[in-house]
Amino acid sequence: MPRLIVYSVMVLLMVALIPPVVAARTRSDESPARPIHIIQDMDIQAKYKTQTRNPLYADQRSMRPEVVGAVARGETMLDTHLENGVVGGDWADTLPSSLKLDLDFVERGQQRYNIYCATCHGWNGMGNGPVNKRAQELMNYAEGPPEGTSWTQARNLHDPGWSEQPIGQIYNTITNGKNSMAGYGSQVSLNDRWAIAVYVKALQRSQNATMQDVPPDQRASLRP
Ligand code: HEC
């Protein structure tokens, strides 16, 4: 092979090495300059950061204080019975007057309960839903639960501590959650939360029902 070609190839190889070497050096170097940003998307945009000046406002603060008189969602507090389940500072033990208690309402509550609550509390409210079963399995693995795994069982809603709770308190637990149970205020509408609370009360009553709770014309069919 002619020497000229051999030398040319060698020189070309050396030249070809320059860009990767420059790139590697630049990458490991600190620089105050912005990196070359080919696809901008919305990475660089005009905005005010926290704790900076904003000349739009008289006080020049970019972080705005709460507007006086503003009412946050769900905090109108006009009807504490309906919105918070509270009457005169205590948990309400009646349904808000704007809601109508009929079979449709209870059945709506049953349907929503079965969707949102039964996974943990079980169809019957005894705290034995499929999530609980799965958690028990995880806790009982031969090699013990995976590190960091712990489980608080959903309450048995028929235990006296909970079966005696006023409906307003149950409504509040559904809305805001309780300890390790999350709230459903953002997922379940206000009416449906009351419907679920009504159904929970019906479910609780069903466990201690007497013949007097059954309409007279149906009692005969229930006698053992
Ligand atoms: C992801 C599982 C899970 C779901 C779903 C769930 N709960 Fe719970 N619930 C729990 C756990 C766990 C507790 C016990 C919380 C604690 O005290 O740490 C609890 C506690 C409660 C209590 C007792 C609160 C108290 O005063 O101590 C009520 C009432 C209740 N749940 C009702 C409901 C209703 C109604 C729904 C459906 C809207 C629901 N839960 C959905 C897990 C769940």
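The values are calculated or read from the model by the stated rules, or taken from the named source; none is laboratory data. These figures come from a predicted structure and were not determined experimentally. Note: ideal-geometry Cβ built from the backbone for every residue, glycine included; neighbour counts use all protein chains shown. With ligands, DNA and RNA removed, areas are computed over all heavy atoms of the protein, side chains included. Shrake-Rupley method; radii C 1.70, N 1.55, O 1.52, S 1.80 Å.
Stretching the chain fully between Ala33 and Asp90 yields a gain of 14.3 nm (0.36 nm per residue, less the alpha carbon separation). Where only DSSP H runs of four or more residues are counted, the chain gives -13000 deg cm²/dmol as its mean residue ellipticity at 222 nm, each run worth -39500 (n - 2.57).
Taking the C-alpha atoms only, the angle from helix 167-176 to the longest principal axis of the chain is near 10 degrees. Determine the share of the chain's accessible area contributed by carbon and sulfur atoms, expressed in whole percent, with a 1.4 angstrom probe. Carbon and sulfur together cover 57 percent of it.
The gain in end-to-end length when the Ile115 to Ser8 segment is fully stretched comes to 31.0 nm, 0.36 nm per residue minus the alpha carbon separation.
For labels at Gln187 and Glu83 in the simple 7 Å Cα→Cβ model, what's the distance in nm? So the label points at Gln187 and Glu83 sit 2.4 nm apart. Only Cα sites of the range 99-208 enter the Debye sum here, all with the same form factor; the resulting log10 I(q)/I(0) across q = 0.16 1/Å is -0.72, listed in q order.
For the range 99-208, the solvent-accessible area with a 1.4 angstrom probe is 58 square angstrom per residue.
For the range 56-66, putting each phi into the Karplus relation 6.51 cos²θ - 1.76 cosθ + 1.60 with θ = phi - 60° gives couplings of 5, 10, 4, 8, 6, 8, 6, 8, 8, x, 4 Hz, in residue order, rounded to whole numbers and with x for Gly and Pro. Couplings for the range 27-41, taken from phi via the Karplus curve 6.51 cos²θ - 1.76 cosθ + 1.60 with θ = phi - 60°, read 5, 8, 9, 8, 8, x, 6, 5, x, 5, 10, 6, 9, 7, 6 Hz in order; Gly and Pro are left as x. With 27 Å as the limit on Cα-Cα distance, the pairs of Lys178/Lys201; Lys133/Lys201; Lys100/Lys133 that go past it are Lys100/Lys133.
With a simple spin-label model that places each label point 7 Å from the Cα along the Cα-to-Cβ direction, the separation between Ala70 and Ala23 comes to 4.8 nm. Rg then Dmax, both in Å and based on the Cα atoms of the chain: 32.7, 114.
Taking amide H positions as modeled 1.01 Å from N, with prolines and chain starts lacking one, the residues under 5 Å from Val87 and 5 or more places away or on another chain are Ala92. Paramagnetic label reach from Asn54 (point 7 Å along Cα→Cβ; backbone nitrogen cut-off under 17 Å): within the range 63-93, residues 63-68, 70. When the surface is traced with a 1.4 Å probe over the full set of protein chains, Leu4 keeps roughly 130 Å² accessible. Convex hull of alpha carbon positions in the range 1-79: directionally averaged projected area 12.1 nm². Once the Cβ-Cβ distance of Arg61 and Ala16 is raised to the sixth power relative to R0 = 45 Å, the FRET efficiency obtained is 0.25.
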